[in-house]
1. Keeping every protein chain present and rolling a 1.4 Å probe, give me the accessible area per residue for the stretch 222-331 in Å².
2. Would you look at the GNM of the chain, springs on alpha carbons closer than 10 Å, and say which of Val203, Val42, Val314 moves the most?
3. Place a label point 7 angstrom from the Cα of Val216 along the Cα-to-Cβ direction, then list the residues of the stretch 276-293 whose backbone nitrogen is under 20 Å away.
4. Write down Rg/Rh for the stretch 265-331, rounded to two decimals, with Rg from the C-alpha atoms and Rh from the Kirkwood relation over Cα pairs.
5. Please return the longest range in the chain lying between exposed loop sites, taking GluC sites (Glu not before Pro), DSSP loop only, at most 10 other beta-carbon atoms within 10 Å, and leaving the sites out.
6. For the stretch 228-305, which whole-number percentage of the solvent-accessible area (1.4 Å probe, protein heavy atoms only) is attributable to carbon and sulfur atoms?
7. Per residue, how large is the accessible surface of the stretch 1-129? Use a 1.4 angstrom probe and give square angstrom.
8. Which residue, Val313, Val86, Val218, tops the fluctuation ranking in a GNM of the chain built on C-alpha contacts under 10 Å?
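The values are calculated or read from the model by the stated rules, or taken from the named source; none is laboratory data. From a predicted model like this one, the values you see are computed outputs, not experimental measurements. Here Cβ is always computed from backbone atoms with ideal geometry, including for glycine, and neighbour counts include all displayed protein chains. Quick note on the areas: whole protein, heavy atoms, side chains included, nothing else; ligands and nucleic acids left out. Shrake-Rupley method; radii C 1.70, N 1.55, O 1.52, S 1.80 Å.
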Amino acid sequence: MNIAEYKGVMVFAEQRDGVLESVGLELIGEASRLAAHLKESVTAVLVGSNIKSLATELASYGADRVIIVDDAVLSHYDTEAYTQAVTAVVNKYKPEIFLVGATTLGRDLAPRLSGRLRTGLTADCTELSIDEATRELWSTRPTFGGNLLATIVCPDHRPQMSSVRPGVMAKLAKDTSRKADVIEEQITFDKSKFKVRFIDKVVDKSKKIDITEAKVLVAGGRGVGKEGMPLLINLAQSLHGELAGTRALVEEGMVESSRQVGQTGKTVKPDLYIAAGISGAIQHVIGMENSELTIAINTDKEAPIFQVADLGVVANFHEVAPVLIKKLGEI
Ligand code: FAD
């Protein structure tokens with residue numbers, strides 16, 4: 001492998017039913033920062049069926065070039081079809097760095113791509129940086145149950161591949177005057193390798209809340225307790241926010257697993273994060289430490305959550321919450 005042939009930063013722009021996933025736009029923002037260090041450009045790869053119109057949006061978020069593979073076989077996610085499409089694009093355009101969102105789809109696709117491309121993959125990253133001297137990508141991810149952060153490099157193979165957790169990187173501000181070169185690629189698929197036949201799609205009609213998109217999150221921990229849940233829900237409603245929780249509350253069945261924040265839950269970055277009765281274990285903090293404003297309420301003034309909080313209230317949640325709810329009701 002001649003690694004000098006590989007240039008630029010490429011991002012997999014995930015879309016579902018013709019709607020771009022936020023993580024792809026976040027990765028274009030991060031790719032722009034990395035590409036500036038390398039003095040290179042950012043390419044987004046868009047794969048699906050009837051998705052060409054999305055190129056404009058990718059450009060407005062900072063993609064310099066958009067490569068589209070638009071084919072009926074890509075109308076639903078299929079590991080083999082997507083792997084063949086993206087592998088062909090990467091082999092042709094030879095990016096130095098390739099980024100994928102660590103979504104359900106990305107976690108399925110990225111390992112197969114790295115296998116097919118014979119390169120390494122650092123999965124589930126929370127931080128990326130460039131060593132300008134060596135042009136190496138430094139990919140940082142939590143390890144050993146979140147107790148250590150490992151920084152991993154891929155010195156001898158290209159592209160340097162990382163999957164990145166949604167909600168961690170910042171999008172560039174949307175600018176509709178930005179333009180991108182748009183290239184359409186026709187892929188000859190080897191359908192003999194397709195192992196899955198799409199039969200039907202059944203949509204879960206229950207109201208799904210994505211806490212990664214919420215501006216205000218009121219998160220509870222074990223200190224809230226079962227008796228404090230109505231107060232927690234009331235506080236979230238008073239702030240027009242969403243409920244979230246630690247793994248402890250999820251395990252006790254008090255909060256749905258889709259609302260868990262942390263290493264094995266979601267990474268969130270709301271404008272306001274209220275951490276009520278949460279100790280601040282590293283596995284939780286890793287999922288909320290980038291919140292704009294964190295207010296912690298805890299009876300223990302030594303609780304680690306106060307180290308990441310902007311405002312700390314050393315008090316009993318059951319006493320503080322009714323006062324807060326009453327005051328908010330008066331506004
Ligand atoms: P505790 O640690 O028990 O803290 C309760 C806090 O409430 C204490 O600080 C206490 O002082 C305070 N308190 C008690 N009463 C009151 C009161 N009346 N008013 C105010 N404060 C009060 N955890 C996650 O959250 N998310 C994850 O994704 C996650 N992933 C994990 C992955 C692995 C591999 C492992 C090993 C663990 C993971 N954990 C995760 C668990 C994590 O280590 C902690 O156990 C968990 O976050 C603790 O939850 P907690 O803060 O609700 O409970």
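1. 51 Å²
2. Val203
3. Residues passing the 20 Å test: 276-278, 288-293.
4. Here Rg/Rh amounts to 0.99.
5. In the chain, the maximal stretch lacking such sites is 133-301.
6. Heavy-atom surface of the stretch 228-305 belonging to carbon and sulfur, 1.4 Å probe: 49 percent.
7. 36 Å²
8. Val313
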